[in-house]
1. For segment A:1-76, list the helices (runs of 4 or more DSSP H) that sit wholly inside it and hold at least 1 residues that are outside the structural domain of A:G201 (by TED's automatic domain parsing), over 30 Å from A:M99 (Cβ atoms) and of a type outside the set (V, I, T); which are they?
2. Looking only at segment A:2-21, which residues are crowded, with 16+ Cβ neighbours inside 10 Å and over 29 Å from the mean Cα position of the chain (by Cα)?
3. Pairs under 7 Å by beta carbon, first residue crowded, with 18+ Cβ neighbours inside 10 Å in segment B:221-249, partner of a type in the set (F, W, Y), six or more apart or different chains?
4. Among the candidates A:I265, A:I221, A:I225, single out the residue that is among the β-branched types (V, I, T), away from chain B (no Cβ under 14 Å) and crowded, with 20+ Cβ neighbours inside 10 Å.
5. Of the conditions (1) more than 14 Å from the chain's Cα centre (by Cα); (2) surrounded by fewer than 23 Cβ atoms within 10 Å (Cβ to Cβ); (3) more than 12 Å from chain B (Cβ to nearest Cβ), A:S282 satisfies every one except a single condition; which number is it?
6. Among what's in segment B:166-193 and is surrounded by fewer than 24 Cβ atoms within 10 Å (Cβ to Cβ) and part of a loop (DSSP other than H, G, I, E, B), pick the residue that is farthest from the other protein chains (Cβ to nearest Cβ).
7. Of everything in segment A:171-206, what is facing chain B (nearest Cβ under 7 Å), under 26 Å from A:G271 (Cα atoms) and polar (S, T, N, Q)? Give them in sequence order.
8. If I ask for residues that are free of Cβ contacts under 8 Å to residues at least 24 places away in the same chain and either touching a strand residue (DSSP E or B) at 6+ places or on another chain (Cβ under 8 Å) or within 30 Å of A:G106 (Cα to Cα) (or both), which ones from segment A:121-172 would you list?
Amino acid sequence: MTNYLDFEKPLAEIEGKAEELRALARANDEMDIEAEAAALDKKAADMLVDLYKSLTPWRKCQVARHPARPHCKDYIEALFTEYTPLAGDRNFADDHAVMGGLARLGDRPVMVIGHEKGHDTKSRIERNFGMARPEGYRKAVRLMELAHKFGLPVVTLVDTAGAYPGKGAEERGQSEAIARATEKCLQIGVPLVSVIIGEGGSGGAVAFATANRVAMLEHSIYSVISPEGCASILWKDGGKMREAAEALRLTAQDLQKLGVADRVITEPLGGAHRDREAAMASVATTIESLLSELDGKSPQKLIEDRRRKFLDIGAKGLAA
Amino acid sequence: MNWITNYVRPRINSIFSRREVPDNLWSKCDECGTMLFHRELTENLNVCTNCGHHMHITPRARFQALFDGGVFAEIAVPDPITDPLHFRDQKKYPDRMKAAQKSTGEHEAMLIGAGEISQTPIIAIAQDFSFMGGSMGMYVGNAIIAAAEEAIKLKRPLVLFSAAGGARMQEGILSLMQMPRTTVAVQMLKEAGLPYIVVLTHPTTGGVTASYAMLGDVHIAEPNALICFAGPRVIEQTIGETLPEGFQRAEYLLDHGMLDRVTKRTEMKAELVTILRMLMGMPPAISGVLPAPEARSAEEESEAEAEGGAAQAAPSSDKPAEAPAGAKESTQTGKSGK
């Protein structure tokens, strides 16, 4: 069953009607409804095009958080071979909100790291809804160091509402862990490519996305704060998330204008969740192409370019 | 000439003028409520003389107390593009900026000073919590980069006083990008082999803590400063649990291994000098209060050199030398040492 978002309700109704008609026809051979059902299909298809033609920033947030959207684990399973998860921060624990390990992208061995949100209640709880604790960032640091040591490119898949705001996480140094992960991103002498596949939530995202190249899926978001959080602080009303989403310029399209996203990856019509395989395939193509852009650069050059890129960000505002 | 003009009117006037006194000359400690005389409070660096509570201090006041004789050169910061996102919530971002500039008299939320502390040349940079909550936007990022570059150019250590509610939401993603940008600045300092000391003051939260404030060679915090990534309210809302007393305060972080030291503001200068001079391979500092660098005569210079070997740990109980004319009213009164 499709999971409809609130703004897709009219679409759900039409698709539901077509479905009902067909169910009726199956029960009763004499009814000829195909023409009518086809008309409804056509109407639904047009509506989908219309709805997704120009999604508002808030709607993009909803699509980015869609439960059926492919998550990190799906990408790893679909795009990489020989995935060998590596666990633990060698300090305290293994954080299941962060997946990571060795894998091959085509023939190329890489280190893949990403946030995993989970797909049902059980896995969501196990993954802490993709909100990493310090151990997650420290695991990422360890894996980046390993990649650096053996000259493997790093691919990060970012999908998190943010770092976990919990008592234990704070006790064990959430800020320090994030700061060290960002620092490590800037230090490794191997290509670092990052794809924001869903939500790029604040510091929890930066810790993985301080990369040579940052790509964003068409309906993904990347922001300093969630629209709800921003609304409750600046509008003093958490219900003003639509306005906040608008003001924050958190869409892939705006972020490309701001020079934060280097590439925007087109999603299938109606979002990545409507055709997961196609969405994942375009991500693979993009990662390959971004990695090949970085091929042959010396470790020093990769580090320098990455630094320069971030030092220069924001100099031109929306005109970048 | 009569009873009314000679006696009654002055009494009335004095009653009215007395009412104004508390506003101007006295302030109340946020913590214990004691009324504190303004001069005494300033001399004590906005630390309550009764309970030791550390109140807000502006970067300028801090620098005047920190640098020898209150003398420092302000380092210019390249201005970023204004209002890059054309951000508007209930107010426009440029209007909020103007209001903050008017209320603080400062241009932005960071101040960089170059000068000497107990004859130790440093670059200091301080975040102004009274300017839009000290929030980290592009200017703050530019300031940290400029301070690091100046430190590298002059081969001096960098001391950073952090104070911020987090990132500046009005600059959206560009405020978030200050996390990697400032991290690059810290890396440049480290590569140049220069000490980078972070003094975390109340409050240091959010993206600021999760970048340059947690990447120091040495982390010192002021007592009871709130230092965290997610604030206590956010955590309480998320986990629906009340948090223990002192959670995310400086002493708590010290216990949890995130800080090297918790040091009173009044003792901070001496401590910074001690640490920096050791890290920089310099001889111990001369104790006591020194006049401003330019104002030292040749005679004093030679005297200072002669005293160079004296233990810097022993605080001078002598009345400190008067600050040279021209230097602003000195707020350091022999409290350095120990």
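The values are calculated or read from the model by the stated rules, or taken from the named source; none is laboratory data. Everything numeric here is computed off the predicted structure, so don't read it as measured data. Cβ: placed from backbone, ideal geometry, glycine included. Neighbour counts: every protein chain shown.
1. Ranges flagged: A:9-27, A:34-53.
2. Within segment A:2-21, A:I14, A:A18, A:L21 qualify.
3. Listed by first residue and then by second, the contacts come to B:P232/B:F247.
4. A:I265
5. (1)
6. The residue in question is B:G193.
7. A:S202
8. If the condition is that a residue be free of Cβ contacts under 8 Å to residues at least 24 places away in the same chain and either touching a strand residue (DSSP E or B) at 6+ places or on another chain (Cβ under 8 Å) or within 30 Å of A:G106 (Cα to Cα) (or both), then A:S123, A:R124, A:K149, A:F150, A:E170 are the ones that fit.
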